[in-house]
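Please read through the structure below; I'll follow up with questions.
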Amino acid sequence: MLVDGKWVENWQPVQAKDAKGGFVRQTSSFRNWVTPDGHPGPTGEGGFAAEKGRYHLYVALICPWACRTLIARSLKGLEDVISLSVVEPFLTDQGWRFGDYPGAMLDTINGATWIHELYTRADTHYTGRATVPVLWDRKTQTIVNNESADIVRMFNSGFGTLASSDYDLYPHALRSDIDALNDAMYKCLNNGVYRTGFATTQQAYDEAFKDVFSMLDTLEIRLSSGASWLVGDQLTESDIRLFVTLVRFDAAYHGLFKCNRRRIADYPNLTRHLKQMLTVKGVAKTVNLNHIKQGYYSIKTLNPNGIVPLGPDLVWAAYLPARNRASGTQV
């Protein structure tokens with residue numbers, strides 16, 4: 001992590017623990033918003049007006065939080081408005097790295113080698129983890145925001161007429177229901193799998209494990225009526241939040257993170273939802289199973305020998321572009 005702008009130690013998945021030995025996620029540090037007229041958003045300062053070509057998104061395809069923003073960028077038709085860089089999938093001693101691994105890129109915007117270099121460019125005295133996603137402002141040469149929830153919402157409404165109106169991911173009439181479901185899913189499932197995988201005591205693991213499968217059971221029942229979407233009759237940000245966890249579950253969380261009571265394949269309604277999301281135009285291309293498997297299994301504390309499993313056989317992988325499917329060992 002960075003301390004006062006200097007990289008001081010090798011990357012570790014757990015930087016903070018609670019009293020029970022449970023994983024504690026770092027709070028995002030940059031919370032400014034892009035708005036149609038540049039006025040301040042819900043947090044942070046103003047001055048970030050929506051402009052084509054001004055903003056650049058940095059993501060890792062292994063990361064569910066980053067891929068939320070990638071899906072929103074696609075659904076809102078912002079791919080020609082906001083440029084993109086993808087880091088390599090491996091969790092190295094200095095965190096995320098730019099490079100020429102298949103599906104990754106060099107940083108042609110700032111010429112950085114490591115994501116943490118962007119943080120010290122934005123704040124020379126930055127202390128904390130250097131995470132993705134990062135929304136970068138080329139004009140002021142700083143990080144606008146590194147909180148995926150904020151970025152999804154600003155992609156939904158902050159770019160005004162530059163964005164497509166085909167999807168409203170956070171409609172006014174459904175906001176209270178979306179917020180309530182998002183809060184429950186975050187604690188128990190989206191972050192719950194990490195609380196399980198990175199637990200440092202049996203008690204912390206047991207509690208997180210129960211949360212994960214309690215929420216999966218609840219969501220399976222919620223979709224049992226045949227409903228296409230989680231809230232209302234339209235795709236919302238809640239569906240994106242669920243999808244990015246489901247699509248990684250059997251390939252990584254079930255085995256590596258010890259979330260092994262059941263697979264998503266054992267939940268027919270959740271599997272249906274996963275497949276349905278993959279048929280939405282622009283979603284499947286944001287999923288790269290090779291990056292997901294290579295990335296998670298590169299976490300040394302969980303997999304010191306770096307062996308990447310050949311399985312599992314995922315039926316829904318047929319929905320992905322051929323280049324984005326895992327093909328056994330490293331490609």
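Under Stokes-Einstein, with the Kirkwood radius over Cα pairs standing in for Rh, what whole-number D in µm²/s applies to segment 1-147 at 10 °C and 1.306 mPa s?
100
Please report, in cubic angstrom per residue, the volume enclosed by the convex hull of the alpha-carbon atoms of segment 205-325.
Normalising the Cα hull of segment 205-325 by residue number yields 109 Å³.
Now for a separate question. Per residue, how much accessible area does the chain show when a 1.4 Å probe rolls over the protein heavy atoms, in square angstrom?
Value for the chain: 42 Å² per residue.
Compare Leu320, Leu135, Leu61 in a GNM of the chain, Cα atoms joined below 10 Å, and give the one with the largest fluctuation.
Maximum fluctuation in the GNM of the chain, among the listed residues, is at Leu320.
I'd like to compare 143-152, 79-88: which one has the highest average count of other Cβ atoms within 10 Å, and what's the full order after that?
Final packing ranking: 143-152, 79-88.
Ignoring everything except DSSP H segments at least 4 long, calculate the 222 nm mean residue ellipticity for the chain; use -39,500 (n - 2.57) per segment, divide by total residues, nearest 500.
Calculated mean residue ellipticity at 222 nm is -9000 deg cm²/dmol.
On the first, second and third principal axes, largest extent first, how far apart are the outermost C-alpha atoms of the chain in Å?
Answer, in whole Å and largest first: 48, 46, 42 Å.
On a full-extension model of 0.36 nm per residue, what is the gain between Asp100 and Lys300, subtracting their alpha-carbon distance, rounded to one decimal in nm?
69.8 nm
With charges only on Cβ, +1 for K and R and -1 for D and E, what is the dipole size of the chain about its Cα centre, in debye, rounded to 20?
600
Measure off, as a whole percent, the carbon and sulfur share of the 1.4 Å-probe accessible area of segment 130-275, all protein chains present.
Summing carbon and sulfur atoms, their accessible area is 48 percent of the total for segment 130-275.
While we're here: Scattering from the C-alpha atoms of segment 143-293 alone, worked out with Debye: what is log10 I(q)/I(0) at q = 0.08, 0.09, 0.12, 0.16 1/Å?
Each listed q maps to, in turn, -0.24, -0.30, -0.53, -0.95.
Under a plain spin-label model, where a point goes 7 Å from the Cα along Cα-to-Cβ, how far apart in nm are Thr161 and Lys210?
Between Thr161 and Lys210, the label points sit 5.5 nm apart.
Full extension from Asp183 to Gln202: what is 0.36 nm times the residue separation minus their Cα-Cα distance, to one decimal in nm?
4.4 nm
If you average the alpha carbon positions of segment 240-294 and of segment 180-197, how far apart do those two centres end up, in angstrom?
If you average the Cα positions of each part, the centres end up 15 Å apart.
Sticking with this one: Between Trp229 and Glu51, what FRET efficiency comes out of the Förster formula 1/(1 + (r/R0)^6) with R0 = 41 Å and r the beta carbon distance, rounded to 0.05?
0.80
Additional query: Once you compute Rg and the Kirkwood Rh from C-alpha atoms, what is the Rg to Rh ratio for segment 107-190?
1.05
On a straight-distance basis, which lysines could pair with Lys281 in a cross-link, Cα separation under 27 angstrom, same-chain partners fewer than 8 positions away excluded?
Lys52, Lys76, Lys293
If amide H atoms are built 1.01 Å from N in the plane of the peptide, which residues on other chains or at least 5 residues away come under 5 Å of the amide H of Asp123?
Under 5 Å from the amide H of Asp123: no residue qualifies.
The values are calculated or read from the model by the stated rules, or taken from the named source; none is laboratory data. Worth saying up front: this structure is predicted, and the values here are computed from it rather than measured. FYI the Cβ positions are ideal-geometry reconstructions off the backbone, even for glycines, and counts take in every protein chain you see. When the accessible area is computed, the model is the full protein with side chains, heavy atoms only, and any ligands, DNA or RNA have been set aside. Shrake-Rupley method; radii C 1.70, N 1.55, O 1.52, S 1.80 Å.
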